[in-house]
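Novice: Here you go, one structure.
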Amino acid sequence: MDLARTVGEALARLAREPHVQEIEVFAALNRSLLTRLNYTSHIPCNGVEEPKSAEMSGLGVQAVFDGPDGQPLVGFGSEPSDLTPDGALRALAKARQAAVHDPEFRSLPRSFGDAPALGSYHDPRLMTVADEELVEAGWKVITGGLRAFMASSRLADLGGSEAGLKRLGLILGGDVTIVQSRIAVASSAMPEPQADDSTYMSASTTGMVEARDAKGSGWSICARLEQFTDEAGAEAAGNAMAAMDGERVPSGDYPVIFGPQPVADLCNNLIVPSCHAGSFYSSSTPFLGRLGQVVAARGLSIYDHGAMPGLAGSHGITCEGLPAGRTDLIKDGVLVGLLSHWYETQRLLHDPAAREKLGVAPGAAAGALVPRNGFRYDGGSGRSFDTTPGTSATNVIVEGADPVSLAELAARVGNGLYVGRIWYTYPINGLRAGDFTCTVVGDSFIIRDGRIAAPLKANTIRINDNVMRLLGAVVGTTKDSRGTPLWGADEIVYAPAIAVRGVHVDAIAGFMEGLG
Amino acid sequence: MPHGIETRLIETVTPMVRELVATQARALADLRYADVRVEISEGKFAGAENGEAKTSGDDYAFALGIRVLAGRRMTAPGYFGRGLGAADVPQLARLLREGLLAAYRRAMSNAELKAEVKDKFGVLGDALADTRLHPIQVRQEVVPAVFEVDPRGVALDEMQRLTTDVSRRVSGFAARVSYNYVSTMTQLSRELFASSEGALIDQSFALTQGMCYVVATAPDTSQEVYDVLGHQRGWEILTRGVSEPLIEFPPFPEFASAIARDAVEVAAAPALAAPPGPVAVVTDPHYNTLLSHEIIGHPVELDRGLKMETAYAGRSWLLRSLDETQLGKRIASPLVTAFSDPALPGYGHYAYDHEGTPARRVVHIDRGVFTGFMNSRQTAAVFGGDPNGHWKATDASLVPLVRMSSTVFAGGDADPAELIRDVDHGYYLVGHRTPSIAESRENFRISARKVYEIHRGQIGRLYRDGGIMADSRDFLLHVDGVGRDFRLYPIPNCGKGQPMQTRKLGNGGPTLRSRAIVTGGA
């Protein structure tokens, strides 16, 4: 199926329809294949729980129509499964029926001159993976984890017998995900059809030795099928075993090294949403009025790069047909840019309250509001045809000045915590307040005398702090960085470990130790 | 209407679906079980922002999902899902067969590899077992939707007018309202389920919802307040409101104005400075809607209990292993009873779940004692007990999970006002806001829309950015007052599964009094 030709033909057909001023045609053909994993040594299980797929294709049409009194009407309609001009006509009819006058609408997206940086970057093998290969991928991860458990003399000693080994409650859960995404877009303003094919494969695994309240994580992201290994399963099992016999810590304020997963989680739930243009428009960001001002510790930089070769979140074009690229968000501690899409950028630049919301005059903010992040993501399942674009991050990259090794960072911390995995991270009092909470669920350790000394028992502390304070209290980062996929998120965050002083934690769930 | 798919297409589809599972599926070698779900919905929506129309639509959704259990040496599952369109109707029989074969290939491959791994990994391979489904009463039934104003008959411009008017009203409420987004939707959906066991169930649902999101600003704060008015009924619930014994809402314009009023009031209030240590807290039915959801509903989902959600939604502190559970043990005060009941009205209402199980009430906590989980056929086969019909997906193309129907705290006998008057010093929490729950649901922190200080039995000062934090069992054991003001509320956005499925369901309860740590800003 030549999607570029599809949208070109549809555009030509729809442009002839009466009272149509502007048209944008978007086609998508998505397939997400996934195996859910569930192994439990102490409970009958399937191992590979759900080999499955969901697929969808269709056309989305956004159109500007002649309206009453010369005021144009804007509408969106879509049609699943029919990529012919007839399907486009049905989508246009829905758009016409749904059209409204939106005074903030300026135009459909316009090119800003840059050419797409990426082309032909998908893996053809991933685009045609067979059912059996999908199932095999899941079992590869499971057996990687089982081999790691079986090879452990420590586990064998703890178990004492075959029955004892099973009663340790060895768990492997998670998924292998393959996303096949094909899109094309053409419009009145950008009539040359643009197509973009992308593929993505990841494995996310959680391992447990449940009888020892030990939890560990493993994950992998790869761009090509031949790169896929069992590492996620083996890593999760290994990390679970490393977390056995964890200790509790009392409530208090600690210097904390946040590992790549917590940094990713904090970015996904707090920092990146705070950098969305829409959050400024609605006055709901903690960075309100602070463009160009210091919002984080000097040396900390965060940027989004939608066209970085080799990274899992990269694309050639956005779902608006504009080139994906790099947007600096925080540079050396200063807020310098926002994530946006075409509509959001236009309306914020023309917002009478823009100076108050941004902190600078709109004219000075144009460079910070380049619309490189208009995507139609479907919660991890590809790029959807049946929705208008929203603002989404792609590859979020976190860097610190003068990064050091983890050992050196731990030495700098002295006595504190290494937090390797957090969960249920939310802005508990609204995004603008910056207050957040989460629990520490695994992969975490106590730092004593500058060294990682002992596992921190999983699910025994809750972090209650404020993201603005956190950003200002960064005292160092590691050299090593890792890409982390997050549940329900479309972006990948590539982050080092980051040390922060004075993080408030509360001890929780003491009753669990005595639970009969 | 511009779209060419109507829910009555299900009647055309039914014979080919039945033939697929009854004949074609059974002809496949080593197939133990197959089921098919087909879903069609016709819906309309409108959105407005800051008093201006933004979006609207009149469209359909059409999808299918297939499950197969098969295998030569062992039995394992395989699934297939697909979104459909009008262009697929002439070739639907072919698409169904292709989907069946894809699910079958996956199940067979899965079963073969399961058997290999079981043989290869000795003692750790023992846990790999055949996929079994607990028997159920196989039914054939048609369940109609309930509504006064047919969602299909509501004019889109009427919807847009109401939505925009409400947004305009909210914008004009006060200068402090800096932003609002208002949306409405009304839809009719029809779900067909057929299985190789002979089940054939055709259920229809009306659903209507109004949502209002408001940001009110003050010099050093923005208060985001949002809420949803919804029911499995027609458009009438937005124009006239709802006045039923268990569900009470004003008409949507008044509902949205109340949200604006709350946002403005709270934005002007001081931030709560959290007092030390646990104190007496009284929580209203709206707050307890989220509380029942998070610390009752989620930990009693049996797939979570059996560790199947360890990597995502977490486990349950109520089940350690098959022979180490909290069943029969006291986990709450004798005043606390909690249950799930798909017969309750509202978002959680249905007659059959998505594997054809007749849905029924299950009591989770009976006067403080833990008594049971909500389950599916597969989880019931592993753990024991009869299936109670809580396996649901948000879309036919997605694999179902154990989901709440309506999970609630039961009402009590106390006068809610008396529960406050008896408190010398404490806090009264009104309306839920944002939750964060520990991995096995053993601890929670949930913020409230409004927090009032109680001083000598009187409601005093209003604060913003407050909430409570507690270990779940401690909170439940310390409940010393349960009001008689039971209410049900819609929860529009419960997320679970991989890929994420955001489901509408019901929760609720009366006013409760217990003890907890009160939280403020960091």
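The values are calculated or read from the model by the stated rules, or taken from the named source; none is laboratory data. Keep in mind the model is a prediction, meaning the values are calculated, not measured. In this analysis, Cβ positions are derived from the backbone assuming ideal geometry, glycine residues included, and neighbour counts consider all displayed protein chains. Surface accessibility is based on the protein's heavy atoms, side chains included, excluding ligands, DNA and RNA. Shrake-Rupley method; radii C 1.70, N 1.55, O 1.52, S 1.80 Å.
Novice: If I fit a long axis through the Cα atoms of helix A:231-242 and take the longest principal axis of the Cα atoms of chain A, what angle between them do I get, 0 to 90°, rounded to 10?
Specialist: On a 0 to 90 degree scale, this one is about 40.
Novice: A further question follows. Length gain on complete extension for the stretch B:Ala258 to B:Leu322, per 0.36 nm per residue less the alpha carbon to alpha carbon distance?
Specialist: 18.3 nm
Novice: Another question about this same structure. Over the stretch B:293-450, calculate the relative contact order: mean separation of alpha carbon pairs under 8 Å at least 6 apart, over the residue count, as a percent.
Specialist: Numbers: 308 pairs, mean separation 39.7, N = 158.
Rounded, it is 25 percent for the stretch B:293-450.
Novice: Turning to a different aspect of this structure: In degrees between 0 and 90, to the nearest 10, how far off the longest principal axis of chain B does helix B:252-267 point, with axes built from Cα atoms?
Specialist: Between helix and principal axis, roughly 60 degrees.
Novice: Could I ask something else about it? For the stretch A:295-416, how big is Rg over Rh, using alpha carbon atoms and the Kirkwood form of Rh?
Specialist: 1.07
Novice: Follow-up question, since we're still on this one. Between the DSSP loop rule and a limit of at most 15 other Cβ atoms within 10 Å, which trypsin sites (Lys or Arg not before Pro) in the stretch B:258-337 are left?
Specialist: B:Lys329
Novice: Viscosity 1.306 mPa s, temperature 10 °C: give me the Stokes-Einstein translational D for the stretch B:117-170 in µm²/s, with Rh taken as the Kirkwood radius over C-alpha pairs.
Specialist: Values: Rh = 17.8 Å.
Approximately 89 µm²/s, per Stokes-Einstein.
Novice: I've got another one for you. Which shape class, rounded, prolate or oblate, goes with the protein assembly as shown when its Cα gyration tensor gives a ≥ b ≥ c as root eigenvalues, a/c under 1.5 marks rounded, and past that a/b bigger than b/c marks prolate?
Specialist: It is rounded, given that a/c, with a ≥ b ≥ c, falls under 1.5.
Novice: Then there is this: Regarding the stretch B:171-257, what whole-number volume in Å³ per residue does the convex hull of its Cα atoms give?
Specialist: On the way: hull volume 11.9 nm³, N = 87.
That works out to 137 Å³ per residue.
Novice: A further question on this structure: Taking amide H positions as placed 1.01 Å from N in the peptide plane, with prolines and chain starts having none, which residues 5 or more places from A:His276, or on another chain, fall under 5 Å of its amide H?
Specialist: Residues meeting the criterion, in which the H sits 1.01 Å from N, are A:Leu339.
Novice: Under 25 Å from the Cα of A:Lys479, which lysines turn up, not counting those fewer than eight places away in the same chain?
Specialist: Within the straight-line limit of under 25 Å, A:Lys479 reaches these lysines: A:Lys331.
Novice: Another one. Considering every Cα-Cα pair within chain B, what fraction, in whole percent, is farther apart than 44 Å?
Specialist: 19 percent
Novice: On to the next question. With an 8 Å Cα cut-off and a minimum separation of 6 or more residues, compute the relative contact order for chain B in percent.
Specialist: 15 percent
Novice: Please give the FRET efficiency for A:Thr84 paired with B:Arg360, using the beta carbon to beta carbon distance and R0 = 51 Å, rounded to the nearest 0.05.
Specialist: Efficiency for this residue pair is about 0.60.
Novice: Would you calculate a helix-derived [θ] at 222 nm for chain B, using -39,500 (n - 2.57) for each DSSP H run of n ≥ 4 and dividing by the full residue count, to the nearest 500?
Specialist: -6500 deg cm²/dmol
Novice: If you roll a 1.4 angstrom probe over the protein chains with everything in place, what fraction of the accessible area of the stretch A:40-144 belongs to carbon and sulfur, to the nearest %?
Specialist: Heavy-atom surface of the stretch A:40-144 belonging to carbon and sulfur, 1.4 Å probe: 51 percent.
Novice: When the chain is fully extended, how far beyond the present Cα-Cα distance does A:Ala15 get from A:Asp66, taking 0.36 nm per residue of separation?
Specialist: 17.1 nm
Novice: Between B:Asp126 and B:Arg73, what is the spin-label point distance in nm, taking each point 7 Å from the Cα along the Cα→C-beta axis?
Specialist: 1.9 nm
Novice: For labels at A:Glu192 and B:Arg161 in the simple 7 Å Cα→Cβ model, what's the distance in nm?
Specialist: Placing both labels 7 Å along Cα→Cβ, they lie 4.8 nm apart.
Novice: Enumerate the lysines that B:Lys329 could reach by cross-link, defined here as Cα to Cα under 25 Å, with residues fewer than 8 away along the same chain left out.
Specialist: By straight Cα distance, B:Lys329 reaches B:Lys307.
Novice: For q values of 0.29 Å⁻¹, compute log₁₀ I(q)/I(0) with the Debye formula on a Cα-only model of the stretch A:426-490, without solvent.
Specialist: Reported log10 I(q)/I(0), two decimals: -1.14.
Novice: At q = 0.11, 0.13 Å⁻¹, what log₁₀ I(q)/I(0) does a Debye calculation on the Cα points of chain A give, no solvent, two decimals?
Specialist: Values returned for q = 0.11, 0.13 Å⁻¹ are -0.99, -1.26.
Novice: Among all the lysines, which ones have a C-alpha under 29 Å from A:Lys94's C-alpha, if same-chain residues fewer than 8 places away are not counted?
Specialist: B:Lys44, B:Lys54, B:Lys504
Novice: Further question: What are the extents of the Cα atoms of the stretch A:31-125 along their three principal axes, in Å, largest first?
Specialist: 71, 34, 29
Novice: Here's a follow-up. What translational D, rounded to a whole number of µm²/s, comes out for the stretch A:77-225 from Stokes-Einstein when the hydrodynamic radius is the Kirkwood one over Cα pairs, at 10 °C and 1.306 mPa s?
Specialist: 78 µm²/s
Novice: Right, here's the next one. Pop out the Kirkwood hydrodynamic radius of the stretch B:452-522 from its pairwise C-alpha distances, inverse of mean 1/r, in Å to one decimal.
Specialist: Mean inverse Cα-Cα distance, inverted, gives 15.1 Å.
Novice: Send over the semi-axes of the stretch B:418-489's equivalent ellipsoid, whole angstrom and largest first, taken as the square roots of 5 times the C-alpha gyration tensor eigenvalues.
Specialist: Taking √(5λ) for each Cα gyration eigenvalue gives 21, 16, 13 Å.
Novice: On a full-extension model of 0.36 nm per residue, what is the gain between B:Asp119 and B:Ala22, subtracting their alpha-carbon distance, rounded to one decimal in nm?
Specialist: So the chain would gain 31.6 nm between B:Asp119 and B:Ala22.
Novice: What distance in nm separates the simple spin-label points at B:Ala174 and B:Ala343, each placed 7 Å from Cα in the Cβ direction?
Specialist: Result for the modelled spin labels: 4.4 nm.
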